[in-house]
């Protein structure tokens with residue numbers, strides 16, 4: 001079974017789980033993985049739907065977009081920043097031709113009110129998170145538009161805020177993440193700049209692996225420090 005959602009009507013789009021998407025693309029992209037797809041989502045390149053339980057569901061359009069991203073990485077050696085700009089440029093052109101008088105958002109993007117509702121935070125706290133670079137909305141027609149990653153980040157920040165941490169304190173997490181990202185990027189920088197296809201691909205794979213290991217390390221260090229603090 002390759003999909004998680006069975007349509008009630010023939011016109012309803014089919015939705016695929018992240019595991020099914022991996023299996024579907026593995027023929028052309030043998031190295032594609034669930035962690036890589038999640039990483040691309042974290043970078044704002046993918047916006048799958050979510051069930052109430054938080055599970056990702058990909059439409060056929062999402063899968064086509066993912067195929068485009070993977071081909072641009074493999075064949076054109078483009079960094080994610082350039083790929084994002086390329087896709088946004090094409091998407092803007094497409095939407096401009098089809099958009100009626102009312103504003104239509106791309107699937108997976110939400111406004112401030114929905115961000116606050118799903119993250120259980122106030123609009124003022126959301127603005128504070130934006131001020132300290134913890135969430136990064138884009139502005140469209142004067143309205144702030146947030147991605148799924150912003151929802152998850154805002155939700156986590158909100159839960160920490162309930163224990164007395166303000167946005168200015170949470171900025172430390174953003175700073176630490178930025179430093180870790182810069183450090184990991186240095187390790188594979190030469191490979192990412194290489195003109196050799198295989199070397200650049202290997203560098204991207206290494207970066208993905210390093211990101212997963214760094215996240216695991218940070219979690220272990222935090223748990224150890226908290227355990228030691230409780231034993232004092």
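The values are calculated or read from the model by the stated rules, or taken from the named source; none is laboratory data. As the structure is a computational prediction, the values presented were derived from the model and not from experiment. FYI the Cβ positions are ideal-geometry reconstructions off the backbone, even for glycines, and counts take in every protein chain you see.
Quick notes on this one:
- The one condition in (1) touching a helix residue (DSSP H, G or I) at 6+ places or on another chain (Cβ under 7 Å); (2) not in a helix (DSSP H, G or I) that residue 69 fails to fulfil: (2)
- A single member of 144, 232, 193 is crowded, with 16+ Cβ neighbours inside 10 Å and either at pLDDT below 85 or under 24 Å from residue 81 (Cβ atoms) (or both), and it is 144.
- Output for segment 195-223, where each listed residue is touching a residue at least 40 places away in the same chain (Cβ under 8 Å) and over 30 Å from residue 158 (Cα atoms): 195, 197, 200, 201, 204, 205
- With respect to (1) surrounded by 12 or more Cβ atoms within 10 Å (Cβ to Cβ); (2) closer than 27 Å to residue 49 by Cβ, the lone exception for residue 199 is condition (2).
- Filtered residues of segment 110-131 (kept if surrounded by fewer than 19 Cβ atoms within 10 Å (Cβ to Cβ) and part of a loop (DSSP other than H, G, I, E, B)): 111, 120, 122
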